[in-house]
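Student: I have a structure here, written as structure tokens, and I will follow up with some questions on it.
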Amino acid sequence: MIRNLINGQLFKTSIETVKVRYFVVNNNNNNNNNNGGGEPIKNTIIEKLSNQFKPIHLDVVNESYMHSVPRGSETHFKVIIVSDIFNGKSVVAQHRLINDTLKNEMKNGVHALSIHCSTPDKWDESTISPSPGCMGGSKKEKQQKQQKDEK
């Protein structure tokens with residue numbers, strides 16, 4: 001079963017033995033905006049995490065622009081969340097809660113999710129490092145490098 005997003009609607013198509021990689025793309029040309037209107041997946045993530053965890057702090061950052069994906073994609077996100085629900089839970093347990101909440105998004109277009117959880121007590125003393133740039137590169141870049149190395 002392959003899921004396709006067309007004009008904001010998710011359609012399922014039965015195709016056998018086809019490997020498909022797809023991106024969810026919006027019409028917004030500014031990949032790093034925070035107005036929320038043109039980022040449906042980001043808005044869904046914010047809504048789900050807000051409802052599930054009642055955070056005192058929540059940042060959801062679309063970092064897709066840092067990776068080799070089409071402009072306007074919503075494939076790579078950083079989540080910074082502070083909630084009392086994380087009290088007494090290990091980091092792994094905290095991440096599992098986030099991943100369970102966003103399992104549909106992870107199955108339907110979100111390729112990477114960087115998670116930073118904290119309790120209110122630990123939030124004041126914590127620091128969040130900036131995300132590194134994409135390490136993967138595109139197929140075209142790899143082919144060009146390979147051709148250059150062969151010469």
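Student: If Val18 meets every condition in (1) exposed (fewer than 11 other Cβ atoms within 10 Å of the Cβ); (2) assigned to a loop (DSSP other than H, G, I, E, B); (3) modelled with pLDDT of 90 or more apart from one, which number is that one?
Tutor: With respect to (1) exposed (fewer than 11 other Cβ atoms within 10 Å of the Cβ); (2) assigned to a loop (DSSP other than H, G, I, E, B); (3) modelled with pLDDT of 90 or more, Val18 is out only on (3).
Student: Of all residues in the range 61-93, how many are at pLDDT 90 or above, under 21 Å from Ile41 (Cβ atoms) and out of contact with any helix residue (DSSP H, G or I) (no Cβ under 9 Å at 6 or more places or on another chain)?
Tutor: Here the count works out to 2.
Student: List every residue pair whose Cβ atoms lie under 9 Å apart, where the two residues are 6 or more positions apart in sequence or sit on different chains, the first residue falls within the range 85-110 and is on the phi > 0 side of the Ramachandran plot, and the second residue, located anywhere, is among the hydrophobic types (A, V, I, L, M, F, W, C) and not in a helix (DSSP H, G or I).
Tutor: Final answer for the pair search is Gly109/Leu5; Gly109/Phe23; Gly109/Val24.
Student: Identify the single condition in (1) surrounded by 14 or more Cβ atoms within 10 Å (Cβ to Cβ); (2) assigned to a helix (DSSP H, G or I); (3) modelled with pLDDT of 90 or more that Leu58 does not satisfy, given that it satisfies every other one.
Tutor: (2)
Student: Okay, next question. Determine if the range 80-88 includes at least one residue that is farther than 13 Å from Thr119 by Cα and in a strand (DSSP E or B).
Tutor: no
Student: Could you check the range 62-78 and list, in sequence order, the residues that are surrounded by 20 or more Cβ atoms within 10 Å (Cβ to Cβ) and out of contact with any Phe, Trp or Tyr (no Cβ under 7 Å at 6 or more places or on another chain)?
Tutor: Passing the criteria: Ser64, Glu74, His76, Phe77.
Student: Just the residues that are touching a Lys or Arg at 6+ places or on another chain (Cβ under 7 Å) and in a strand (DSSP E or B), please, taken from the range 61-76.
Tutor: Val61, Asn62
The values are calculated or read from the model by the stated rules, or taken from the named source; none is laboratory data. Small disclaimer: the values here were computed from a predicted structure and weren't measured. Quick reminder, even Gly has a Cβ in these numbers, built from the backbone with ideal geometry, and neighbours come from all protein chains shown.
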